[in-house]
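The values are calculated or read from the model by the stated rules, or taken from the named source; none is laboratory data. As the structure is a computational prediction, the values presented were derived from the model and not from experiment. Counting neighbours? That spans all protein chains shown, and the Cβs are built from the backbone with ideal geometry, glycine included.
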Amino acid sequence: MDNNQLKDYVLKYSVIASKRFRKKEKIRYINNIEKEFKSFQYETSILSPVGGKGKSIDLLIGDVKKAKTLIIANYDTPIKSFGLYKYKPFNVNFQRNTYFVTVFITMLILCLVCFAYTLQFVRIQWLEGIFKASNILHITIYLLFIYGIYKCSKGIPNRTNVNRNSSGVIALLVLAKHFKDISKKDVAFILTDYGCINHNGDMMVKEYLKHIDKKNVILLDSIGKGESLAVNYSPSMQQIVTQLPSHIEKYLRDMKEYSMANIYKNCLIFSRGIKEKDFFYVPNVAISKDNDMDLDKIVEICEIIQKILG
């Protein structure tokens, strides 16, 4: 793919649309990127909870029911981690636990500040006549604290999300364009929601595609930056993994560290990061430093997947 086209994708679907945390942001994002996939002559559809309940929104691209291989990327963006933990892409339990810990710490700090402010400044005498201007000011600030607590009840959205989760989306666009005239019926694509929280979007896909266990799934997560390219895989994908380049770090799914390779029966999960002793992590995500990606690394993973699919 032309390098200028790649840069255009990064600008539109990573830099400009950097936040996909709240429902309105996600709807706007899906509506815009759907046009891109339609320009490749793919049929698209929205997958949402039955009856409109819930907030997960997935984008299905191509014939997902007939395709032999599904290539998936999470498109939602994470909450700020404040550098409290290293992101482990192959450990779903770790992701869930760190999400709730980060939200709890944020809420605790806000509640403590609100409580301290109340004790220190709010001295309203309710039965002594008309409020003074200072009393009204204190009430306003106090209500703003309450509003802030409500808005942060699910965490503080991170503002820069180039690697997680924009890099996987960019690769999906590159691969969709490549396969638009090559065995298009054999390959379909999905953008899934809530990959940064509880993988509810992926669970919706499993429920929607009753025979998904007969398909191969390739999932892309934070692939735009990092020293090492790694793959986490299901035992059933062992033969494909042995054919991958030797420089790729290979991790068989671990039943204790529940991963996406446990959610999908036949799954490869690609990610880039750093190998450190017994675990693999992606640096500088969910913080302000997640502000760039290496396009050559995107191209490399796309070429590897093209070879896998023939």
Pick from segment 171-204, criterion over 15 Å from residue 263 (Cα atoms) and in contact with a Phe, Trp or Tyr (Cβ under 6 Å, 6 or more places away or on another chain), ranking: modelled with the lowest pLDDT | 180
Sole exception among (1) surrounded by 15 or more Cβ atoms within 10 Å (Cβ to Cβ); (2) in contact (Cβ under 8 Å) with a residue 24 or more places away in the chain; (3) in a loop (DSSP other than H, G, I, E, B); (4) not charged (D, E, K, R) for residue 85, by number = (2)
Note down all Cβ pairs under 7 Å where the first residue falls in segment 260-272 and is farther than 10 Å from residue 92 by Cβ, the second is outside any loop (DSSP other than H, G, I, E, B) and basic (Lys, Arg), and they're at least six residues apart or on different chains.
-> 272/297
Only unsatisfied item for residue 251, checking (1) out of contact with any strand residue (DSSP E or B) (no Cβ under 9 Å at 6 or more places or on another chain); (2) in contact (Cβ under 8 Å) with a residue 60 or more places away in the chain; (3) within 26 Å of residue 102 (Cβ to Cβ), is (1)
Set 28, 22: member being under 20 Å from the mean Cα position of the chain (by Cα), touching a residue at least 40 places away in the same chain (Cβ under 8 Å) and either over 23 Å from residue 222 (Cα atoms) or in the same structural domain as residue 228 (by TED's automatic domain parsing) (or both) | 22
In segment 197-213, residue surrounded by the fewest Cβ atoms within 10 Å (Cβ to Cβ) [restricted to those that are touching a helix residue (DSSP H, G or I) at 6+ places or on another chain (Cβ under 7 Å) and outside any helix (DSSP H, G or I)] = 198
Among the listed residues 177, 151, 206, which satisfies the condition of being among the basic types (Lys, Arg) and closer than 20 Å to residue 47 by Cα?
-> 206
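Residue-wise test of (1) among the polar types (S, T, N, Q); (2) crowded, with 20+ Cβ neighbours inside 10 Å; (3) in contact with a Pro (Cβ under 6 Å, 6 or more places away or on another chain).
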{"residue": "220", "(1), (2), (3)": "no, yes, no"}
{"residue": "228", "(1), (2), (3)": "yes, no, no"}
{"residue": "239", "(1), (2), (3)": "yes, no, no"}
{"residue": "288", "(1), (2), (3)": "yes, no, no"}
{"residue": "294", "(1), (2), (3)": "no, no, no"}
Note on segment 213-260: residues touching a Leu at 6+ places or on another chain (Cβ under 8 Å) and among the aliphatic types (A, V, I, L, M) are 217, 218, 219, 220, 223, 231, 237, 240, 241, 248, 260
Identify the single condition in (1) in the same structural domain as residue 270 (by TED's automatic domain parsing); (2) under 24 Å from residue 148 (Cα atoms); (3) buried (at least 19 other Cβ atoms within 10 Å of the Cβ) that residue 55 does not satisfy, given that it satisfies every other one.
-> (3)
Is it the case that some residue within segment 33-48 is surrounded by 20 or more Cβ atoms within 10 Å (Cβ to Cβ), assigned by TED's automatic domain parsing to the domain that holds residue 169, part of a helix (DSSP H, G or I) and not charged (D, E, K, R)?
-> yes
Please enumerate the residues belonging to segment 239-268 that are under 16 Å from residue 217 (Cβ atoms) and among the small types (Gly, Ala, Ser).
-> 259, 261
